[in-house]
Amino acid sequence: MKHRVFSGARPTGRQHLGNYLGALQNWVNMQDDYDCVYCIVDIHALTTLEDTSSLQKDIYEMTLDWLAAGLDPKKSILFVQSHVPEVMVLHTLLSMVTPLGWLLRVPTFKEKAKIQPQNVNYGLVGYPVLQTADIVIYKAEFVPVGEDQLPHLELAREIARRFNNLFGDTFPEPQAKLTLFPSILGLDGKEKMSKQLKNDIEIALSPEDTIKRVMTAVTDPARQYRSDPGHPEICNIYRLQGYFNPSQVDALADQCRSAKIGCVDCKMLLAQKINSNLEPFRERRAAFAAKPQYIKDVLADGAQRAQAIASETLSEVKQKMGLI
Ligand code: AMP
Ligand code: TRP
């Protein structure tokens, strides 16, 4: 039997290069060798969203990106978290074996509490418990994610271990799986690429808009004049060249260090490489966008298949906890 993989992403709408290189690439590549379950975590999104009016549209846009990137509903289960409510029951049950101190220490909780001091809700504290429930309800062993998720995965292992110790061996301890690009910087060159920080490049942009976005990127701040030598090792554009332009990346580093190439030319080259690399993705996306009913069907079928697994695990957990 194949090992199981689970991963999820918040329905932030169109995916950016960080999502694509940090997570989606692995999701697509793991489909042949693993039994994969990929989830649009709409309940998690509610921990930070006060205005939910675009939620359905964001779910739809994200599904288009996933399918166009190569997630195949014949191979993998693709579904929306709230369509399988069993996970919320498991979340409540796991919350009983999770010390509050563990949750208050999680770096993402502290960050979010700083970003939204007016909305430090109960769900935000329990975010990693719901994430653990997501993973363990499918008994997943591997979780392909970006680097920012490692503290959540550490906690998921601790919660699974504690449950197993208290109630008998039930859940595998899930391991993170990183890509070669586990943390993509945003256009500001400082923070990780993120929709919330508005420093992202969406993969579904038009070629013209991709060029415009890439041109706004901050590169090496020490390089003020075209004749100044650059430092590719600290430049986010250089890192992206590593993925989109691997055959030229070493030469570009030399040319940057010796000021033979300027940042404008380097960015233009990158934007063109991104556009040619993503052209097939963008064509597939347009084809899926013409079939909205198909998208709905994929998610409905995914929820059914996910629920069959989730309800079985939930019964086992209830039995072990003495509830039935
Ligand atoms: P999110 O959109 O934050 O729900 O993230 C979905 C997936 O993309 C998660 O596995 C994240 O770790 C990954 N991810 C998000 N932003 C980045 C980034 N800037 N670099 C690498 N991976 C990322
Ligand atoms: N916390 C993840 C993020 O922000 C999303 C997520 C929810 C997730 N449940 C998950 C990721 C389970 C992996 C496994 O991107």
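The values are calculated or read from the model by the stated rules, or taken from the named source; none is laboratory data. Worth saying up front: this structure is predicted, and the values here are computed from it rather than measured. Neighbour counts run over all protein chains shown; Cβ positions are idealised from the backbone, glycine included. Accessible surface is based on the protein model in full, side chains and every heavy atom, while ligands, DNA and RNA are left aside. Shrake-Rupley method; radii C 1.70, N 1.55, O 1.52, S 1.80 Å.
Of all residue pairs spaced 6 or more apart or on separate chains, those with beta-carbon atoms under 7 Å, a first member in the stretch 81-106 that is among the charged types (D, E, K, R) and a second member that is not in a helix (DSSP H, G or I) are Glu86/Ile137. Checked against (1) more than 16 Å from ligand 1 (Cβ to nearest atom); (2) surrounded by 17 or more Cβ atoms within 10 Å (Cβ to Cβ); (3) not in a helix (DSSP H, G or I), Asp32 passes all but condition (2).
Residues that are in contact with a helix residue (DSSP H, G or I) (Cβ under 7 Å, 6 or more places away or on another chain) number at least 3 in the following strands (runs of 3 or more DSSP E) confined to the stretch 66-181: 77-80. Restricting to the stretch 1-26, and then to whatever is open to solvent by less than 10 Å² (accessible area, probe 1.4 Å) and in contact with a Pro (Cβ under 6 Å, 6 or more places away or on another chain), can you tell me which residue is farthest from ligand 1 (Cβ to nearest atom)? For the stretch 1-26, the residue satisfying everything is Ser7.
Please work out if Tyr238 is of a type in the set (Ser, Thr, Tyr), surrounded by 14 or more Cβ atoms within 10 Å (Cβ to Cβ), within 15 Å of Thr216 (Cα to Cα) and in contact (Cβ under 8 Å) with a residue 12 or more places away in the chain. Yes.
Mind checking whether some residue in the stretch 137-144 is surrounded by 15 or more Cβ atoms within 10 Å (Cβ to Cβ), of a type in the set (A, V, I, L, M, F, W, C) and away from ligand 1 (no atom under 16 Å from the Cβ)? The answer is yes; a qualifying residue exists. Entry remark, the stretch 182-202: residues being part of a loop (DSSP other than H, G, I, E, B), within 16 Å of ligand 2 (Cβ to nearest atom) and either touching an Asp or Glu at 6+ places or on another chain (Cβ under 7 Å) or farther than 24 Å from Gly242 by Cβ (or both) number 7 in total.
Okay, residues lined up against (1) closer than 30 Å to Lys139 by Cβ; (2) in contact (Cβ under 8 Å) with a residue 12 or more places away in the chain:
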residue	(1), (2)
Asn277	no, yes
Ala289	no, yes
Ile309	yes, yes
Glu312	yes, no
